[in-house]
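The values are calculated or read from the model by the stated rules, or taken from the named source; none is laboratory data. These figures come from a predicted structure and were not determined experimentally. Ideal geometry is used to build each Cβ from the backbone, glycine not excepted, and the neighbour counts take in all protein chains shown.
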Ligand SMILES: Nc1ncnc2c1ncn2[C@@H]1O[C@H](COP(=O)(O)OP(=O)(O)O)[C@@H](O)[C@H]1O
Ligand SMILES: [Mg+2]
């Protein structure tokens, strides 16, 4: 493994009496594409601003290559930011914007111009050097912001929802490009988003946050397939959450009683027996089956056509809603509305979490 | 983009039509209260003076001649440049420029301070800055005179505290005129800068700091250029009326602080007046202001198209 660039150690941030970050701890490795993922207001921007130096921390430490950076003002931190609304200097040309940081670092005009042009080439914007930001589209402005932050070759690049202002098509194209730029430059990226799809497709590792707490840190697959709690399971991807009685827990496996009476063995992060738990069922790992083999029996209530998939809405006997995703190829055997349907839980469909 | 209305004309064209009619009152006001008086002034400046004030309707360039040319006491010497009035003009420009600079130096930090308070305190501060201006300018200037004269409270406090051992002798100096102009026109500097700073996106300052710019560099390279329209508007709004001011120089300054405004004022007052000469001086003053504004407008359009 490569070394740690940024070590965030029990960082607390308070605004008056409101605590925006509760003892947040995480490490960001060199060359890593690290994502802070969470709903709006969970403290992602605040954490980024603490790293950049725009907000002093109220407790804990942020270390860059092992050294506490609290005494450094923002303009002395070897960290650059791509701001959510880009914050390009409106009175400067694209080239001047990108040269700005280099010149402050004492580069000569000639050298700064050379490097700035390289950075703009990296983001495919070489043809707009003399334009002002106001004369560029949102996507182009976003690239200027990226080039401007990359040009001084920071130790870490902080990106605050850089794609949120772009339309969907562009956003998807830029995702892959951003990931590629990260690989090419080898700079550690700390990428903030509230979009779980964005996080899953781009990141090496993700920290899921809610209400100022880090809920889970892990690779996309780990976060999706082995969420540690109900919040993560619900926030990442779609899931069905069903309350069930727990029969026993041992060695990371739980035995629960499904609605309708069947027993089910499934993985769990819990290690102590609890009376009641929440079962997370991923909709795409559930399939239709004859009633005799069914783990669960439901009444079909609706269908939503999604192109590649078809979403089947159903109700458990207790009235609880469930969602099942079926591949379009199997659409021929779709049940009618109101029909009783047997559901089979495939391997990896279920995971027991604390209630 | 502008949506197409059913008739085929784009809606923005329709709104433009409305806008033209909305401007009607403005054109009326400009016509009646600006163009007509200016035309009147221009006309008076090329008429012959009547000795007890007023004009004789007879074409004459005597006023301009008197302003620019010195033909000796009896008017029979070869013309030389007349320095008397040019000196007064030059002094006025210089005084107005200095007052503008003073307003800028005090006004910018003030406006910055106000614009960075929270919404409620901003209103309070703006009120505090503008409340003195509910009082008539003449009364304010007279009170300034009472404040700074040798027997006034300013000197009394300074003498009492032992900081000085004799009165400052401020009254009837250029400095007193400066203080008067500064006090008269400060809000005209503060308000436009405030408006510009209020619209300023502070993320730009953070971006500058993020890109290794210290506070002064950020001020110089980012903040000042971005709020520049507000700074320039403030400077024009202070410079132009300062240039033609007559209350502050009359009441606070001595003979050595005589400014254009007072010169013009005198020409229209009492029997010693000379209307064509006053009108000519006013026309010349206006030309200077126009040149300043045109240069500025040129610079702006060049900037916008660059
Ligand atoms: N300057 C501030 N003063 C007070 N509260 C703030 C300030 N900045 C952020 N907060 C609060 O901190 C919480 C986290 O905000 P933020 O980090 O912007 O969330 P996110 O970026 O995840 O949407 C929010 O509840 C927000 O209201
Ligand atoms: Mg945010």
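Within the option set A:173, A:165, A:149, A:188, being within 16 Å of ligand 2 (Cβ to nearest atom) and either touching a residue at least 40 places away in the same chain (Cβ under 8 Å) or surrounded by fewer than 21 Cβ atoms within 10 Å (Cβ to Cβ) (or both) holds for one residue only, A:165. Out of curiosity, is residue A:205 within 30 Å of residue A:229 (Cα to Cα) and away from ligand 2 (no atom under 16 Å from the Cβ)? Yes: the conditions hold for residue A:205. For segment A:42-85, a residue qualifies if it is farther than 17 Å from residue A:6 by Cα and without any contact (Cβ under 8 Å) to a residue 60 or more places away in the chain, and the qualifying residues are A:58, A:75.
The single condition among (1) within 11 Å of ligand 1 (Cβ to nearest atom); (2) within 14 Å of chain B (Cβ to nearest Cβ) that residue A:17 does not meet is (2).
With respect to the conditions (1) more than 17 Å from residue A:212 (Cβ to Cβ); (2) within 14 Å of another protein chain (Cβ to nearest Cβ); (3) surrounded by fewer than 16 Cβ atoms within 10 Å (Cβ to Cβ); (4) touching a strand residue (DSSP E or B) at 6+ places or on another chain (Cβ under 9 Å), residue A:56 lacks only one, and its number is (1).
Counting only helices (runs of 4 or more DSSP H) that sit wholly inside segment B:131-233, those with at least 1 residues that are within 14 Å of chain A (Cβ to nearest Cβ) and surrounded by fewer than 21 Cβ atoms within 10 Å (Cβ to Cβ) are B:174-199, B:203-210, B:215-218.
None of A:297, A:323, A:301 is under 25 Å from the mean Cα position of the chain (by Cα), part of a strand (DSSP E or B) and in the same structural domain as residue A:268 (by TED's automatic domain parsing) except A:323. With respect to the numbered conditions (1) assigned to a helix (DSSP H, G or I); (2) within 14 Å of chain B (Cβ to nearest Cβ), which one is the sole condition not fulfilled by residue A:80? Against the list (1) assigned to a helix (DSSP H, G or I); (2) within 14 Å of chain B (Cβ to nearest Cβ), residue A:80 comes up short only on (1). If you go through segment A:21-42 and keep only what is more than 25 Å from residue A:201 (Cα to Cα) and buried (at least 21 other Cβ atoms within 10 Å of the Cβ), you end up with just A:21.
Would you kindly identify the strands (runs of 3 or more DSSP E) lying entirely within segment A:192-276 that contain at least 2 residues that are assigned by TED's automatic domain parsing to the domain that holds residue A:297 and in contact (Cβ under 8 Å) with a residue 24 or more places away in the chain?
Filter on segment A:192-276 gives A:240-250, A:253-257, A:263-267.
From B:30, B:14, B:88, which residue is modelled with pLDDT under 90, over 30 Å from residue B:224 (Cβ atoms) and under 23 Å from the mean Cα position of the chain (by Cα)? Only one candidate qualifies: B:30.
Selection over segment A:65-85 of residues that are within 15 Å of ligand 1 (Cβ to nearest atom) and out of contact with any strand residue (DSSP E or B) (no Cβ under 8 Å at 6 or more places or on another chain) gives a count of 1.
Out of everything in segment A:60-77 that is surrounded by fewer than 14 Cβ atoms within 10 Å (Cβ to Cβ) and on the phi > 0 side of the Ramachandran plot, what residue ends up being nearest to the other protein chains (Cβ to nearest Cβ)? Out of the qualifying residues, it is A:65.
Here is a check on your reading of the model: is residue A:26 near ligand 1 (Cβ under 9 Å from one of its atoms), in contact with a strand residue (DSSP E or B) (Cβ under 7 Å, 6 or more places away or on another chain) and either part of a strand (DSSP E or B) or modelled with pLDDT of 95 or more (or both)? Answer is no for this residue. For segment B:266-303, the candidate set comprises residues that are under 20 Å from residue B:83 (Cα atoms) and under 19 Å from the mean Cα position of the chain (by Cα); within that set, the residue that is surrounded by the most Cβ atoms within 10 Å (Cβ to Cβ) is B:281. Meeting the requirement of 3 or more residues that are farther than 27 Å from residue A:46 by Cβ and within 11 Å of another protein chain (Cβ to nearest Cβ), the helices (runs of 4 or more DSSP H) wholly within segment A:92-187 are A:94-104.
Yes/no per residue for (1) within 15 Å of ligand 1 (Cβ to nearest atom); (2) assigned to a strand (DSSP E or B); (3) closer than 14 Å to residue A:156 by Cα:
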position	(1), (2), (3)
A:12	yes, yes, no
A:22	yes, yes, no
A:35	yes, yes, yes
A:41	yes, no, no
A:49	yes, no, yes
A:54	yes, no, no
A:60	no, yes, no
A:63	no, yes, yes
A:87	no, no, no
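If you check residue A:45 against the conditions, is it in a helix (DSSP H, G or I), within 15 Å of ligand 1 (Cβ to nearest atom) and surrounded by fewer than 23 Cβ atoms within 10 Å (Cβ to Cβ)? In short, yes. Take residue A:4 and tell me if it is within 17 Å of the chain's Cα centre (by Cα), closer than 24 Å to residue A:183 by Cβ and away from chain B (no Cβ under 13 Å). No; evaluated as a whole, the condition is false for this residue.
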